[in-house]
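The values are calculated or read from the model by the stated rules, or taken from the named source; none is laboratory data. Note that the structure is predicted; figures quoted are calculated from it, not measured. Virtual Cβ from ideal backbone geometry, glycine too; neighbours counted across all protein chains shown.
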Amino acid sequence: MSIAKNIAALRAALPAGVTLVAVSKTRPADDVMEAWRAGQLDFGENRPQEMAAKQAALAALPSPPVGIRWHQIGHLQTNKVRLIIPFVAMIHSVDSARLACEISRRAVEAGRVVDVLLEILVAREESKEGWAWDELLAWLDGGQCRSLAGVRFRGVMGVATFTDDESMVRAEFEALAAMHAELRERFFGAQFDTLSMGMSDDYPLALDAGSTMVRIGSMIFGRRF
C-alpha cells in the first residue's frame, strides 16, 4: 500500500486521543512530503543532523509544508541540542539531568520553551537508554527540574524489550504507565499528559497499557534495508 493508505489504516485503528508519530528516520524528504499530504503532521527522527537537514530542505521548497511537528526520539547528545532547538516540537529522549539542563539553556537562548519527555529504562537490554527509576526520583525530589525555564515536562517515553514474549513486553509497558501516573501525581500535574510508548511491532500492547503516543515507522514507510 501507499504511504497515504498506510497512514489512513493506522489512524482508523488508533483510539481517539492517541497521537501518531511517523518515524521518518533514514527516509527521504519526499516521503515526509507524501505523508504530510496525507494529513500527517508529527514526524520522529533519531539523529538531530538528519532532522535538521530535512527540516531545512522542506522549508526551502517553493511551497513548504505547513504545520509539521518534529520529534527527537533517539538518543540526544548535549552537543547536538543546538541543531534542533530552533524548531523541534518535542524531545522524547531526555535521559539525564545534564541533557535536560542543556535543552533548557539552549531553548531560553532561542526564546522558546520546548516540550520534553523523560525517557525511563524499562527494557531488559543493555543497549537501551533511559533513566533508572531511583535516579530519576532522586533528581526530581531535589527540585532542580523546577528551575529549568526552557523546558516543559510533558510526560515519559520508553522502549520495551525486543522479544517475542508478549507477557514481558506487556509488563514493561504497564510498569512505564504506572511510573507516568506516579510522576504526574507527585511532581507535575495535569500538563504531564503524554505517555510515548509503542512501535510498529508492539504498539497494540502499548495501547492496552494506556499509551497516548505511538512511534510508527515501518508500517507507514515500509521496512528499512
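Numerical summary
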read-out: Number of the exception - Val88 against (1) at pLDDT 95 or above; (2) more than 22 Å from Asp193 (Cβ to Cβ); value: (2)
read-out: Region 30-57, residues that are surrounded by 14 or more Cβ atoms within 10 Å (Cβ to Cβ) and either at pLDDT below 95 or on the phi > 0 side of the Ramachandran plot (or both); value: none
read-out: Scope region 127-160; condition loosely packed, with under 11 Cβ neighbours inside 10 Å and under 20 Å from the mean Cα position of the chain (by Cα); matching residues; value: Ser127
read-out: Criterion (over 27 Å from Pro86 (Cα atoms) and surrounded by 13 or more Cβ atoms within 10 Å (Cβ to Cβ)) met by exactly one of Val108, Val113, Val122; value: Val122
read-out: The one condition in (1) free of Cβ contacts under 8 Å to residues at least 12 places away in the same chain; (2) closer than 20 Å to Ala190 by Cβ; (3) within 21 Å of the chain's Cα centre (by Cα) that Leu118 fails to fulfil; value: (1)
read-out: Residue satisfying all of: in region 175-200; among the acidic types (Asp, Glu) and free of Cβ contacts under 8 Å to residues at least 12 places away in the same chain; surrounded by the most Cβ atoms within 10 Å (Cβ to Cβ) among these; value: Glu182
read-out: Candidate set from region 154-172 (those that are among the hydrophobic types (A, V, I, L, M, F, W, C) and in contact with a strand residue (DSSP E or B) (Cβ under 6 Å, 6 or more places away or on another chain)); member that is nearest to Ile73 (Cα to Cα); value: Met157
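Table: residues versus (1) closer than 30 Å to Ala9 by Cα; (2) part of a strand (DSSP E or B); (3) acidic (Asp, Glu); (4) touching a Lys or Arg at 6+ places or on another chain (Cβ under 7 Å).
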residue: Glu126; (1), (2), (3), (4): no, no, yes, no
residue: Asp141; (1), (2), (3), (4): no, no, yes, no
residue: Val156; (1), (2), (3), (4): yes, yes, no, no
residue: Thr163; (1), (2), (3), (4): yes, no, no, no
residue: Met168; (1), (2), (3), (4): yes, no, no, no
residue: Glu174; (1), (2), (3), (4): yes, no, yes, no
residue: Ala190; (1), (2), (3), (4): no, no, no, no
residue: Met199; (1), (2), (3), (4): yes, no, no, yes
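Yes/no per residue for (1) within 17 Å of Lys25 (Cα to Cα); (2) buried (at least 22 other Cβ atoms within 10 Å of the Cβ); (3) modelled with pLDDT of 95 or more:
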| residue | (1), (2), (3) |
| --- | --- |
| Ala59 | no, no, yes |
| Pro65 | no, no, yes |
| Ile68 | yes, no, yes |
| Leu76 | yes, yes, yes |
